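Asks: After the C-alpha cells below, expect a handful of questions from me.
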Amino acid sequence: SETDKGVYPYYMLKEIDEQVIVAHTLSQYYFDDNAQIQNIDDDIISAIKAADRLYIVAAGTSYHAGLVGKRYFEQWTGIPTEVHISSEFAYDQPLLSQRPFFIFLSQSGETADSREVLDNVVKQGYPSLTLANVMNSTLTREANFALPLLAGPEIAVASTKAYTAQIIVEAILAHAVGNSQIDLKNELAKTAVEMQVIIDQKDEFKAIAEQALRGQRSAFYIGRGLDAAVAVEAALKLKEISYIQTEGFAAGELKHGTISLIEEGTPVFALLTQSKTAGLVRGEIAQVAARGANTIIISGKKLAKKGDAYVLPDVNELLMPLLTVIPAQLIAYYATLDRNLDVDRPRNLAKSVTVQ
Ligand code: G6P
C-alpha cells in the first residue's frame, strides 16, 4: 500500500525517491495536450490578482518552501510577497497592506501555530488559500480556498517530498496567476527527469556524508539567493535527524560573525546554482577554506569547477531548489545512518505539531 515501506529500510528514503512525482503533479495541474492549467479555480486566480501583497505563512520545512515560493510569486505575478513563521505571525502580526492575500503552506494541514494565524486572518476578514498535502484537514477546510500538494502520504518526521511538492505547486500557481513567458510545464517536466538522475546517484551522497560528517559535531550550509533559501532547509534536514548542529545561512553573512566558528576540518557545504552571485560565493568558499574548513561544493553544471563535490544538471535557475535539496536530504539520511540513529523517528520531534 501507499503507506507501506516496501523494500525501503526507512520511510525517509522511500519519500526521497518519490519526489519524482512531479510528473504526476503536472498531469493534475495541466491538461495533457497543452500548457493550459486545470484544477485551479478561476476564483483563486482572481483573488490573488486582486491582492496588493501576498503573505505566505507556515512552519518548519513548509516555511522553507515558502522562502523559495516567494521568488516565483514576485517574479511571475509582480505582487510583493512576504514569508512568515506562523508562531511569530500569530502574536506579532506585522502591519498589513490594504489588500492582503494569505497563503498557508502545510504538509499536514493541522499545525497549531498556522491554525492560530488562519483563525486571526478569518476573523479579520482577509482571503486565504491553503496548499496542503492532507486535504480535508483543518487548514484546508477553514481557508477560503485549498489546493492539494499531491505528494502522497509522508510518514518520516523529516519532511522531504512535501517540500518539493510545495515548491512545485507554488510555481504552478504563481505562473498561472502571472504572465511570464517561460514554458513552466516543460521546464518542470525536464526538472523531474534531472531529479531522478540525482536520486539514482545515492552512493555519491553516502560517500560525501561519511567523509565530511563522521565524528563532526557541527556543520554549515551556505548559499546566496535561492541557494540561501535551500541552505536553511538543508541545515534543518541534517540537524534534525543526525543531531549534528548545523546552521544554514546567507553566505554573505559569514564575514559578519559566523566565520569565527570555522576550525580545521569544519564541514561547510556550499550551494552554488545562481549565476548572479556565483563569483561572490566562490570567494566566500575560499575564505572559509583558508581558515581550514572542509568545503563541499554542490554546484550547477554551468557554474561548476574542478574539485566540486557534486555537479547538478542544469535546469532553469529558478527551479534549481528542486534539485539542490536532494543531495542535502540524502546527505542528512546517510549521515544519520552512519551514526546508527533512527532516521524516521528523531528524538523529541513529532510529524505534526498540533499544540502551540
Ligand atoms: C513539524 C514537522 C516538520 C514540519 C512542521 C510543519 O515540526 O516535524 O517536518 O515541517 O511540523 O508542519 P506542516 O504539516 O504544517 O507542514
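No value in this document is a laboratory result; all are computed from the given coordinates. As the structure is a computational prediction, the values presented were derived from the model and not from experiment. Methodologically, a virtual Cβ is constructed for each residue, glycine included, from the backbone with ideal geometry; neighbour enumeration extends over all protein chains shown.
Asks: What list of ³J(HN,Hα) couplings, whole Hz, do you get for region 161-178 from phi and the Karplus terms 6.51, -1.76, 1.60, once you set θ to phi - 60° and write x for glycine and proline?
Replies: Per-residue couplings from phi come out as 6, 5, 5, 5, 5, 5, 4, 5, 5, 4, 4, 4, 5, 4, 5, 5, 6, x Hz.
Asks: Once amide H atoms are built 1.01 Å from N in the peptide plane, which residues 5 or more positions from Phe104, or in another chain, come under 5 Å H to H?
Replies: Val57, Leu129, Thr130, Leu131
Asks: Return Tyr310, Tyr243, Tyr333 ranked ascending by Cβ neighbour count within 10 Å, so the fewest neighbours appear first.
Replies: Tyr243, Tyr310, Tyr333
Asks: Sorting Thr140, Thr111, Thr354 on the 10 Å Cβ count, fewest up front, what's the list?
Replies: Fewest to most other Cβ atoms nearby, the residues stand as Thr354, Thr140, Thr111.
Asks: Semi-axes of region 202-243's equivalent ellipsoid from the Cα gyration tensor, sqrt of 5 times each eigenvalue, largest first, rounded to whole Å?
Replies: Each semi-axis is the square root of five times an eigenvalue, giving 19, 13, 9 Å.
Asks: Put +1 on the Cβ of every Lys and Arg and -1 on every Asp and Glu Cβ in the chain; which of Phe102, Ser275, Asn136 then has its Cα farthest towards the positive end of the dipole?
Replies: Value computed over the given set: Ser275.
Asks: Further, regarding this structure: Determine by what factor the alpha-carbon radius of gyration of the chain differs from 2.2 N^0.38 Å, reporting the quotient.
Replies: Taking the Cα Rg and dividing by 2.2 N^0.38 Å, one obtains 0.95.
Asks: Now, a different point. Could you give me the ³J(HN,Hα) list for region 187-197, computed from phi with Karplus coefficients 6.51, -1.76, 1.60 and θ = phi - 60°, whole Hz, x at Gly and Pro?
Replies: Those phi angles translate into 5, 5, 4, 4, 4, 4, 4, 6, 4, 4, 4 Hz.
Asks: Just how many % of Cα pairs in region 226-356 lie over 22 Å apart, if you round to the nearest whole percent?
Replies: Value for region 226-356: 39 percent of Cα pairs lie more than 22 Å apart.
Asks: Explain nothing, just compute: Karplus ³J(HN,Hα) = 6.51 cos²θ - 1.76 cosθ + 1.60, θ = phi - 60°, for every residue of region 91-102 in order, whole Hz, x for Gly and Pro.
Replies: Per-residue couplings from phi come out as 10, 8, 5, x, 5, 8, 6, 5, 10, x, 10, 9 Hz.
Asks: Oh, and also: For region 62-109, what size does the Cα cloud have along each of its three principal axes, sorted from largest down, in whole Å?
Replies: That works out to 29, 27, 14 Å along the principal axes.
Asks: Relative to the longest principal axis of the C-alpha atoms of the chain, give the angle of the C-alpha long axis of helix 278-290, reported between 0 and 90° and rounded to the nearest 10°.
Replies: 40
Asks: Still on this model: Excluding Arg141 itself, what net charge comes from residues whose Cβ is under 14 Å from its Cβ, given Lys and Arg +1 and Asp and Glu -1?
Replies: Charge balance near Arg141 sits at -2.
Asks: Turning to a different aspect of this structure: Arrange the following residues from fewest to most other Cβ atoms within 10 Å of their Cβ: Lys123, Lys190, Lys302.
Replies: Lys123, Lys302, Lys190
Asks: Towards the positive end of the charge dipole of region 227-356, with charges on Cβ (+1 Lys, Arg; -1 Asp, Glu), say which of Tyr334, Ala289, Gly265 has the farthest Cα.
Replies: Of Tyr334, Ala289, Gly265, it is Ala289.
Asks: Once amide H atoms are placed 1.01 Å from N in the peptide plane, what residues at a sequence separation of 5 or more from Asn294, or on another chain, have their amide H within under 5 Å of its amide H?
Replies: Amide H to amide H, under 5 Å and 5 or more residues apart or across chains, Asn294 pairs with Gly265, Thr266, Val268.
Asks: Amide H of Thr81 versus every other amide H placed in the peptide plane: which residues, excluding those fewer than 5 positions away on the same chain, fall under 5 Å?
Replies: Leu54
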